[in-house]
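First comes the structure, then the notes that go with it.
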Amino acid sequence: MRTPLDERMDATMAALTGAGGMLALGSTMRDGRSYPVIAAAPPSLPYYFAHYCQEHGPKTFLVAGDERLTFAQVHAAATRVAQALVAAHGVNRGDRIGIAMRNSPSWIVLYMGIVMAGGVATLLNGWWQAEELDAAIREVDCTLVFADLPRAKRLAQATTPVLTIDDTLPLDAALAGLTAGTDGGGTLPAIGATDHATILFTSGSTGQSKGALADHRGIVQGIFNYLAQALMMLGIATQDGNPPTDQPSTLLTLPLFHVTAEIPVMLQSFAMGRKLVLMPKWDAREAMRLIEQERISYFVGVPLMSFEILTHPDRGDYDLSSVTDFAAGGAPRPVEHVRRIDAEMGGSKGGGAPLIGYGLTETNAVGTGNWRSNYLAKPDSAGRPSAPLVDLAILDDAGAPVAQGQRGEICIRTICNFLGYWNRPEATAACITADGYFRTGDIGYLDADGYLFIVDRKKDIIIRGGENISCQEVEAALYTHPAVAEAAVFGLADERFGEVPGAVVHARDGETLDEAALQAFLGDHIAAFKVPTRIWVSDVALPRLGTEKIDKVALRNAYRAVA
């Protein structure tokens, strides 16, 4: 049965997106198919940046330690970067330019400058080790990589040019070596809706991360789909006599190379005139201090983050009353956490309410959302498809819809979807149906009210605190050890991270294996979050199926029972 909040949300969204509404819908063609779009959205990111940085010019945009930067200052710096890329570095439309850095004002300005120059901002995972970084750079053929000091050391042997940015310095000083002598010089290209904009990397079941390519239209429409949701809830708050009076603000707790930090957090903030307060490293106590100091109105992170605030022994020492929503994405919240956030941090009393979203790199973060009282009523649901652009279906292996309430693969169709995996046409074809739905690899069902419930996944991945880990990639790293004959990697339940990687290995004849030594070996080759927290050494060969594949289901069940 539809809730009163559902009815209010739908009515408000209909007014926003109907004829004459602020975000009235139009349509566009892609691959011979018509898609709804938000007509008011700019065609590409450079126009988006220019418009909203002018509109919000003097407002504070970025806060990083003692440094505070306005929208106008950030846009001016990005323009200098774009001019330098074109004039001094010869960047052409479509060139892939990598960013391998921690969160910082420099990261954001470099991202803006790259796309304003016509380049493709290629977002490299800052936790990767040298081999992983090198593989991704070669995968998409980057022509230039920006790296902070730690990442530059890992890229010391890279054949691609690496420009080191000391992002511990204030913004102008950090970028001085790149932008010197470029003020007012250089002509920037006109960037259109279908120009390539970004590549983000995603770990699926096939091992090595793939580069997911998006165009400007997909990203901007994704931003505006999020903006429509924000305006919908603003409209409801206004109807209730509780409109916000302060500048919106949020903590940037997630790494910017993740799509959630990139689109609904960083990019959406331009249109909202929202202040971004950067946290270089997650710490619950520091998050609470910043919430109080900066009067943060919106908190978003992986579920672990809001749970650590909820359970922190010093939570009572900080004023968190400015937060209206404690949002999460990347992984489901345990039902108990949802109810405790509401009961203990004020959601039911008008304070910070729990919120969950579901989206993927390939959908530019767009998917579903479960809001406030609806989330409390269905705390194990990812919510309804996010209006106005998302078309979500539950399909069988042949691509046909299943009956309502039946399980199938969750599939999403929207103009926001990515274009495909860079130089991987077979992988692209395998994940997109003939009628344009992206196959998420997640298994779920829709209830009678249209709420999505995710129950399993087809992809052989582990989601550790919102970070996807390919089991096959970790297995491949284990097989590079000369003493490993067989290996299987699977997820283990974990109270903090939801799940963590575990592994079981069997040694070659005459060889011996040790858990700690294997973990140290893996730490030299893959990011720390991918290294199994437990590695069991089996004295006998691993069990196999009739197909001769290792029986990972049997191993997972057996070792989970003793973990």
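The values are calculated or read from the model by the stated rules, or taken from the named source; none is laboratory data. Nothing here was measured: the structure is a model prediction, and the numbers come from that model. Neighbour counts are summed over all protein chains in view; Cβ atoms, including those assigned to glycine, are modelled from backbone coordinates with ideal geometry. All accessible areas refer to the heavy atoms of the entire protein, side chains included, with ligands and DNA or RNA removed. Shrake-Rupley method; radii C 1.70, N 1.55, O 1.52, S 1.80 Å.
This model, with +1 at the C-beta of Lys and Arg and -1 at the C-beta of Asp and Glu, gives the chain a dipole about its Cα centre of some 740 debye.
Only Cα pairs under 8 Å and 6+ residues apart enter the sum, and on that basis the relative contact order of the stretch 274-379 stands at 21 percent.
How large, in percent, is the carbon and sulfur part of the accessible surface of the stretch 319-465 at a probe radius of 1.4 Å?
Details: 2850 of 5630 Å².
Looking at the stretch 319-465 in its full context, I get 51 percent from C and S.
For the stretch 68-153, the relative contact order comes to 35 percent (Cα pairs under 8 Å, sequence separation of at least 6). Other residues whose C-beta falls under 11 angstrom from the C-beta of His506 contribute a net charge of -3, scoring Lys and Arg +1 and Asp and Glu -1. Expressed as a whole percent, the accessible area of the stretch 1-62 that falls on carbon and sulfur atoms is 59 (1.4 Å probe).
Only Cα pairs under 8 Å and 6+ residues apart enter the sum, and on that basis the relative contact order of the chain stands at 12 percent. For the stretch 2-9, putting each phi into the Karplus relation 6.51 cos²θ - 1.76 cosθ + 1.60 with θ = phi - 60° gives couplings of 4, 7, x, 5, 4, 5, 5, 4 Hz, in residue order, rounded to whole numbers and with x for Gly and Pro.
Scalar couplings 3J(HN,Hα) for the stretch 466-480, obtained by applying the Karplus form with A = 6.51, B = -1.76, C = 1.60 to θ = phi - 60°, are x, 9, 6, 10, 7, 4, 5, 5, 5, 4, 4, 5, 5, 5, 6 Hz; x denotes Gly and Pro.
Suppose the chain between Asp317 and Leu149 were pulled fully straight at 0.36 nm per residue; how much longer would it get relative to their current alpha carbon spacing? Intermediate results must be reported in sequence, preceding the final value.
Details: separation 168, 0.36 × 168 = 60.48 nm, distance 3.58 nm.
Taking 0.36 nm per residue and subtracting the Cα distance, the gain is 56.9 nm.
Taking the Cβ of Ala398 as the centre, find all other residues whose Cβ is under 13 Å away and add up their charges (Lys, Arg: +1; Asp, Glu: -1).
Values: positive: Arg439; negative: Asp396, Asp397, Glu409, Asp435.
Here the count lands on -3.
Per residue, how much accessible area does the stretch 398-533 have with a 1.4 Å probe, in Å²? Each step should come with its number before you reach the end.
Numbers: 5690 Å² over 136 residues.
Solvent-accessible surface per residue comes out at 42 Å².
Taking +1 at the Cβ of each Lys and Arg and -1 at the Cβ of each Asp and Glu, which of Ala135, Ala563, Gly181 sits farthest along the dipole of the chain towards its positive end, judged by Cα position relative to the Cα centre? Comparing the listed Cα positions along the dipole, Gly181 ranks first.
When peptides 332-340, 394-402 are ranked by their average number of other Cβ atoms within 10 Å per residue, the highest-first order is 332-340, 394-402. Near Leu419, the amide H atoms lying under 5 Å from its own belong to Leu213, Ala214, Asp215; only residues 5 or more places off or on other chains count, and H is placed 1.01 Å from N. The residues of the stretch 29-106 have, on average, 41 Å² of accessible surface per residue, using a 1.4 Å probe with all protein chains present. Heavy-atom surface analysis with a 1.4 Å probe gives the stretch 124-280 a carbon and sulfur content of 53 percent of its accessible area. Only helices enter this figure: runs of n ≥ 4 DSSP H residues, each worth -39500 (n - 2.57), summed and divided by the residues of the chain, yield -9500 deg cm²/dmol at 222 nm to the nearest 500. Each residue of the stretch 377-383 was assigned a 3J(HN,Hα) from its phi angle through the Karplus expression (A = 6.51, B = -1.76, C = 1.60, θ = phi - 60°), giving 6, 10, x, 9, 10, 7, x Hz with x at Gly and Pro.
Quick one: which of 68-78, 297-307 comes out on top by average Cβ neighbours within 10 Å, and what's the full order, highest first? Provide the component values of the computation, followed by the final result.
On the way: 68-78: 19.9, 297-307: 23.8.
Ranked from most to least packed, the peptides come out as 297-307, 68-78.
A protection proxy built from the mean count of other Cβ atoms within 10 Å ranks the segments 233-242, 436-445, most packed first, as 436-445, 233-242.
Suppose every Lys and Arg Cβ carries +1 and every Asp and Glu Cβ carries -1, with no other charges. What dipole size does the stretch 34-176 come out with about its Cα centre, to the nearest 20 debye? List each step's numbers first, then the result.
Working: 10 positive and 13 negative charges, 37 e Å.
Dipole size: approximately 180 debye.
Only beta bridges with both residues in the chain are counted; by DSSP, about 60 percent of them are antiparallel.
When ligands, DNA and RNA are left out and all protein chains stay put, how many square angstrom of accessible area per residue does the stretch 122-274 have with a 1.4 Å probe?
Values: 5500 Å² over 153 residues.
Value returned for the stretch 122-274: 36 Å² of accessible area per residue.
Think of the chain as a dipole: +1 on every Lys or Arg Cβ, -1 on every Asp or Glu Cβ, centred on the Cα centre; then among Ala516, Ser538, Ile296, Ile296 lies furthest on the positive end.
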